[in-house]
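In what follows, a structure is listed as structure tokens, so that the remarks can point back to it.
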Amino acid sequence: MDLKPRNNSWKRNLYIVWFGCFLTGAGFSLIMPFLPLYVEELGITDHEELNLWTGVAFSITFLFSAIAAPFWGKLSDRKGRKLMLLRSALGMAIVMVLIGFAQNIWQLLVLRALLGVLGGFVPNANALIATQVPVKKSGWALGTLSTGAVSGALIGPLIGGMLADLYGLRPVFFITSAVLFICFLVTLFFVSENFTPVSKKDALTTKQVFSSLKNKRLVVCLFFTTMIIQVATGSVTPILTLYIRELTGSVSNLAFISGVVASVPGIAALISAPRFGKLGDRIGPDKVLLFTLGLSIFMLIPMALVSNYWELGALRFLLGAVNAAMLPAVQTLILYNITPAIAGRIFSYNQALRDVGNVTGPLMGAFVAASYGFRAVFYFTAAVVFFNLIYSWLSFRTPQGK
């Protein structure tokens, strides 16, 4: 059973775990700019096959993360969240070294799948902080924590690309491993958790976990909302550069423009997430979630109507600011409806749905673009978000306990 700290040690944990999420986000994104080049180095040279295998190598990590997340969540409720943070950071550090030694595409796929299995630093960080932070400050705390991985993911590609140019592709995996090992050491020596292990026979079953929820329908809705947020974010990923090329024509700095347009949502998220978290603590995370879901629809639709890249970039900046409010609001609402004893399991389920969204979003975007054109992706994504808005609104109206 967890005991919430009676002092401000949760603040120290928040800042330390934020740094761990930052290192994890940076470590994962370091290799993103040159993953296709690494696949090519492993012997996949045909253009169509290169696109296919790169997509598989990228998606397989999220797929296996979704499969493994409930198991790790159950274990975290029995053994503690700090132990899961240590397991994740060390496991990923070891796998990154092995990826650096991969000799063919099949070895890379197996290791990328293993990376997904051993991952889970961020959801366990959320569970750790959620069980320690005072409820009245949970929105701000979880909003602040969400900026850690976002910050790392923003700076990672820039550093990764530079390191790859300086030292080659394989050394970057070893550098990434070192970053993740630093994350392990920081967690080991500076994160504190007052946790009493629960024996296997006393651990709750999945049925008991859901029976203990204050509002089962709402929590399931929040899981679904997490998935839709990632679907909406990822649906644009496969077509963004091509859409910008359609808007700009043949320009020499297409990659730079695409990189800027791709990164501006993350910059907006850094600015807005803690502020929306405070707003949620004041007026209620349910109001923040419904408002931002509705607002995102009115930002997605104009993206299909833009005539140049800077209009698209401005809308993506605004959308990033709005999206930054959604996941912390979801996590805060989940926290309101669970007990500390099941926090690890519930947050892991939420992470599993997030990973499903990370896989299905780009697939959906690519399919819609191939069938109906680039601009249709934004209309289709807006329709999906609108459906989620209606579902969420109805779920919030359901009496507690249903």
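Worth pointing out:
- Test: residue in the range 122-141 that is hydroxyl-bearing (S, T, Y) and over 26 Å from G277 (Cβ atoms): no
- The range 42-58: number of residues that are over 13 Å from L109 (Cα atoms) and of a type in the set (S, T, Y): 1
- Considering residues of the range 298-318 that are aliphatic (A, V, I, L, M) and open to solvent by 20 Å² or more (accessible area, probe 1.4 Å) only, the residue nearest to the chain's Cα centre (by Cα): L318
- Figure legend. Inter-residue proximity from the range 121-138: first residues of a type in the set (A, V, I, L, M, F, W, C) and part of a loop (DSSP other than H, G, I, E, B), second residues at pLDDT 85 or above and open to solvent by less than 20 Å² (accessible area, probe 1.4 Å), beta-carbon distance below 6 Å, spacing 6+ or different chains. Indicated pairs: V133/A141.
- Among (1) of a type in the set (S, T, Y); (2) touching a residue at least 60 places away in the same chain (Cβ under 8 Å); (3) surrounded by fewer than 14 Cβ atoms within 10 Å (Cβ to Cβ) - the single one Y167 does not satisfy: (2)
- Residue within the range 166-173 that is modelled with pLDDT under 80, part of a helix (DSSP H, G or I) and over 19 Å from the mean Cα position of the chain (by Cα) present: no
- Failed item in (1) more than 20 Å from E41 (Cβ to Cβ); (2) crowded, with 24+ Cβ neighbours inside 10 Å, with I155 passing the rest: (2)
- Only residues that are under 13 Å from Y243 (Cα atoms) and either open to solvent by less than 40 Å² (accessible area, probe 1.4 Å) or outside any helix (DSSP H, G or I) (or both) were counted in the range 355-367, giving 1.
- Identity of the residue in the range 245-261, at pLDDT below 85 and open to solvent by less than 50 Å² (accessible area, probe 1.4 Å), that ends up nearest to N323 (Cα to Cα): V261
- Number of the condition not met by S138 [criteria: (1) under 19 Å from the mean Cα position of the chain (by Cα); (2) at pLDDT 85 or above; (3) polar (S, T, N, Q)]: (2)
- Within the range 74-87, residues that are closer than 14 Å to I342 by Cβ and open to solvent by less than 10 Å² (accessible area, probe 1.4 Å) have Cβ atoms under 6 Å from residues that are small (G, A, S) and not in a helix (DSSP H, G or I) in no pair, counting only partners at least 6 apart in sequence or on another chain.
- From V117, V110, V39, residue being crowded, with 24+ Cβ neighbours inside 10 Å, of a type in the set (A, V, I, L, M) and farther than 28 Å from G143 by Cβ: V39
The values are calculated or read from the model by the stated rules, or taken from the named source; none is laboratory data. Computed from a predicted structure; not experimentally measured. Virtual Cβ from ideal backbone geometry, glycine too; neighbours counted across all protein chains shown. Note: areas computed on protein heavy atoms with side chains; ligands, DNA, RNA excluded. Shrake-Rupley method; radii C 1.70, N 1.55, O 1.52, S 1.80 Å.
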